[in-house]
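In what follows, a single structure is set out as structure tokens and then discussed.
The values are calculated or read from the model by the stated rules, or taken from the named source; none is laboratory data. Owing to the predicted nature of the structure, the values given are computational and were not obtained by experimental measurement. Cβ coordinates were reconstructed from backbone atoms using ideal geometry, including for glycine residues, and neighbour counts include every protein chain displayed.
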Amino acid sequence: MGISQEYKNALDLLDNTLNECIRTSQQYADIKSKEARHYYASVLFTRMCTMGVSFIRFVPGNRYVASTFDHWDYATAASLTRNQTDCLNTMLYLTEDGLSPEEWDCRWNLFNLHDAVCRKKIFEFRGETLQVTKFESDAEVVRNRLKINPFFNNFTEKQQKHYLKGTAPFILEKEEIVTRNGGDKDDYLGLYKFLSVHTHSFPMSFYSMDESERGRGLHSDVEEEYTCMCINIMNSSLNAGLIKFRHLFKNETAKA
């Protein structure tokens, strides 16, 4: 059985969107960021473009990779797709309009704290004492910044204690970020749950493999349907990132 026209159309649409994202990213390369949120928008949008290229080169039927056979693996496509939705959420979170300087600084420093704590834990596992000491010191510097931040001090004592651990980089849930940017909470949570079970190899990802003819690298109706769904989500994420990026840089002059 060949690839359906619906699948081909979805892949063509993603191809066009991705090329537009890359073209736009290149047009605004080397422009000095007016604010920190513009800098992070540029970094995260570049990351989205890179993941988009990785994704489209992976899925069957793409025009970039010559192959004598199509390898079908929607579960891996789902993992890349979830990563992309997370990257979009992070971009929307750090570049939200209307934030006070104190709230943006609080969000950013919670990211800095999470980064330092993660790096410290990694080096603890590796037994690299000097690096552990360095990142513990970095984390403490960020904690002290947060403690004098007016927005952070509006949190309850319990919330402050929680955030100062450095294990929670966001003050909003993923679905809150989505709804604040015009998305539907239930649609997002349903799709995110589906993507997550494959990312983590939860039981749903491998139960009923035989019955549904999936997970063997071969074409089947299920493999094509779910791969097509991932393509559509990837396309939507890239489009949302593109809209946000253009909004942030609308007053800048793009390169021809």
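Looking at (1) touching a Lys or Arg at 6+ places or on another chain (Cβ under 8 Å); (2) in a loop (DSSP other than H, G, I, E, B), can you tell me which one D15 breaks?
(2)
State all residues of region 148-161 that are under 19 Å from E102 (Cα atoms) and either part of a helix (DSSP H, G or I) or of a type in the set (S, T, N, Q) (or both); if no residue qualifies, say none. Break it down into steps so the answer makes sense when it comes.
Here is the first cut: in region 148-161, the ones under 19 Å from E102 (Cα atoms) are 148-157, 159-161.
Listed by number, the residues that qualify are N149, F152, N153, N154, T156, E157, Q159, Q160, K161.
For (1) touching a strand residue (DSSP E or B) at 6+ places or on another chain (Cβ under 9 Å); (2) assigned to a helix (DSSP H, G or I); (3) of a type in the set (K, R), each residue gets a yes or a no:
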position	(1), (2), (3)
G98	no, no, no
R107	no, yes, yes
L113	no, yes, no
V117	no, yes, no
F125	no, yes, no
F135	no, yes, no
V142	no, yes, no
L146	no, yes, no
G166	no, no, no
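Go through region 50-65 residue by residue and tally those that are more than 14 Å from the chain's Cα centre (by Cα) and touching a residue at least 40 places away in the same chain (Cβ under 8 Å).
6
Which of (1) of a type in the set (G, A, S); (2) assigned to a helix (DSSP H, G or I); (3) within 24 Å of R47 (Cβ to Cβ); (4) out of contact with any helix residue (DSSP H, G or I) (no Cβ under 6 Å at 6 or more places or on another chain) does G190 not meet, given it meets every other one?
(3)
Just checking, does region 34-42 include any residue being at pLDDT below 95, on the phi < 0 side of the Ramachandran plot and part of a loop (DSSP other than H, G, I, E, B)?
Within region 34-42, one or more residues are at pLDDT below 95, on the phi < 0 side of the Ramachandran plot and part of a loop (DSSP other than H, G, I, E, B).
I'm checking my understanding of the structure. Among residues of region 173-215 that are in contact (Cβ under 8 Å) with a residue 60 or more places away in the chain and charged (D, E, K, R), which one is nearest to T76 (Cα to Cα)?
Restricting to residues being in contact (Cβ under 8 Å) with a residue 60 or more places away in the chain and charged (D, E, K, R), the top hit is R214.
Can you tell me which residue within region 89-101, out of those that are surrounded by 17 or more Cβ atoms within 10 Å (Cβ to Cβ) and in contact with a Lys or Arg (Cβ under 8 Å, 6 or more places away or on another chain), is nearest to D184 (Cα to Cα)? Before you say what the answer is, go through the steps one by one.
Going through region 89-101, the residues surrounded by 17 or more Cβ atoms within 10 Å (Cβ to Cβ) turn out to be 89-96.
Add one more test, that the residue is in contact with a Lys or Arg (Cβ under 8 Å, 6 or more places away or on another chain), and what stays is 89, 91-96.
Working: N89: 13, M91: 18, L92: 15, Y93: 16, L94: 20, T95: 20, E96: 17 Å.
Only one residue fits best here, namely N89.
For residues in region 217-256 being aromatic (F, W, Y) and part of a helix (DSSP H, G or I), which is surrounded by the fewest Cβ atoms within 10 Å (Cβ to Cβ)? Spell out the reasoning first.
At the first step, the residues of region 217-256 found to be aromatic (F, W, Y) are 226, 245, 249.
In the following step, the residues that additionally are part of a helix (DSSP H, G or I) were identified as 226, 245.
Working: Y226: 20, F245: 24.
Filtering region 217-256 for residues that are aromatic (F, W, Y) and part of a helix (DSSP H, G or I), the one surrounded by the fewest Cβ atoms within 10 Å (Cβ to Cβ) comes out as Y226.
Determine the pairs where a residue that is not β-branched (V, I, T), located within region 153-165, has a partner that is not in a helix (DSSP H, G or I) with Cβ atoms under 8 Å apart, the partner being 6 or more residues away or on another chain.
The qualifying pairs are H162/A168; Y163/F155; Y163/I171.
Out of D70, D105, which single residue is of a type in the set (D, E, K, R) and modelled with pLDDT of 95 or more? Before the answer, list the steps.
On the way: D70 fails: modelled with pLDDT of 95 or more.
Answer to the selection: D105.
Can you tell me which of (1) part of a helix (DSSP H, G or I); (2) in contact with a Gly (Cβ under 7 Å, 6 or more places away or on another chain) is the one G52 doesn't meet?
(2)
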